[in-house]
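Reading through the structure tokens given below for one structure.
The values are calculated or read from the model by the stated rules, or taken from the named source; none is laboratory data. Quick caveat, the model's predicted, so the values are computed rather than measured. We place every Cβ from the backbone using ideal geometry, glycine too, and count neighbours over all the protein chains shown. Ligands, DNA and RNA are stripped out before the accessible areas are found, and what is left, the full protein with its side chains, is counted by its heavy atoms. Shrake-Rupley method; radii C 1.70, N 1.55, O 1.52, S 1.80 Å.
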Amino acid sequence: MNLRERRGLTPPGSVMLLLTLLLLGGGGLLIYRSAQNPAQANMAVGIVLVVVGFIVWRGLMTVSPGEAKVIQFLGRYTGTVRHQGLRWANPFATKRTISIRIRNTEIPVLKVNDADGNPIEVAAVVIWQVADTARAVFEVDNFITFVAAQTETAVRHIAGSYPYDAHGRGLSLRDNADEITRRMSEEIAQRVQAAGVAVVESRLTHLAFAP
């Protein structure tokens, strides 16, 4: 599966809300008049209008700031709605809400061996957000746990690739924090790309020799 996010074509909800009110109001009026005057043959038309009005009503949805709606119809991805406010989509489609706000994942203290074999403790935090909702929903089972697992793997790999203290012989975890952080961010970004996630920032929050 190689899905990419695409824009969902949804009309303004205000227009469809007005249409819904007209259908329900018109249908209800016809039913009422038909009940008052059985000679008029408008009862069936009124019922049809009311049913159609309720179907149209089901398609209304609200998109809040920092959220997106992933639309799926008959098992097929049809698009993502990021436009805020009241929108309308296929009443029979499923609409899944995905947060596109910036999040952070904290990796607790891990005990690993550095490049010289010394046991050290390291912890990190990564700041990220969903950039491609289609990949986040359909490419992995749970993109939140996926990001946490891949971040922990990247932190372990980076911590084990450099010595805690190189004593001037190259990069070290203690003396070259900026460069190590940059490389860690690049590795995390590469690992979580499959889930449609973009890394905003990552940094080490704890670094010390293990007791």
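Data for the structure
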read-out	value
Matching option when the condition is over 22 Å from Pro163 (Cβ atoms) and not in a loop (DSSP other than H, G, I, E, B), among Ala134, Ala123	Ala134
Subset of the range 20-31 [modelled with pLDDT of 90 or more and either β-branched (Val, Ile, Thr) or open to solvent by 70 Å² or more (accessible area, probe 1.4 Å) (or both)]	Thr20, Leu21, Leu22
Test set (1) open to solvent by less than 70 Å² (accessible area, probe 1.4 Å); (2) in a helix (DSSP H, G or I) - Val51 fails condition number	(1)
Condition check for Thr62: of a type outside the set (Asp, Glu), under 30 Å from Leu24 (Cα atoms), touching a residue at least 40 places away in the same chain (Cβ under 8 Å) and assigned to a strand (DSSP E or B)	yes
Some residue of the range 112-119 being among the β-branched types (Val, Ile, Thr) and under 30 Å from Gln72 (Cα atoms)	no
Exclusive hit being in a helix (DSSP H, G or I), open to solvent by less than 20 Å² (accessible area, probe 1.4 Å), free of Cβ contacts under 8 Å to residues at least 60 places away in the same chain and among the polar types (S, T, N, Q), set Thr151, Thr145, Thr181	Thr151
Hits in the range 75-100 - residues which are farther than 20 Å from Glu139 by Cβ and open to solvent by 60 Å² or more (accessible area, probe 1.4 Å)	His83, Gln84, Leu86, Phe92
Flag for Val192 being in a strand (DSSP E or B) and within 27 Å of the chain's Cα centre (by Cα)	no
Which listed residue is within 27 Å of the chain's Cα centre (by Cα), touching a residue at least 12 places away in the same chain (Cβ under 8 Å) and either part of a helix (DSSP H, G or I) or buried (at least 16 other Cβ atoms within 10 Å of the Cβ) (or both), from Ser14, Ser34	Ser14
Evaluation of Leu22 against (1) under 30 Å from Thr133 (Cβ atoms); (2) more than 27 Å from the chain's Cα centre (by Cα) (one fails), failing number	(1)
Enumeration of residues in the range 115-141 that are open to solvent by 10 Å² or more (accessible area, probe 1.4 Å) and in contact with a helix residue (DSSP H, G or I) (Cβ under 7 Å, 6 or more places away or on another chain)	Ala115, Arg135, Glu139, Val140
Close pairs from the range 84-97: first modelled with pLDDT under 95, partner hydroxyl-bearing (Ser, Thr, Tyr) and surrounded by 13 or more Cβ atoms within 10 Å (Cβ to Cβ), Cβ under 8 Å, at least 6 apart	Leu86/Ser14; Arg87/Thr10; Trp88/Thr10; Ala89/Thr10; Asn90/Thr78; Ala93/Thr78
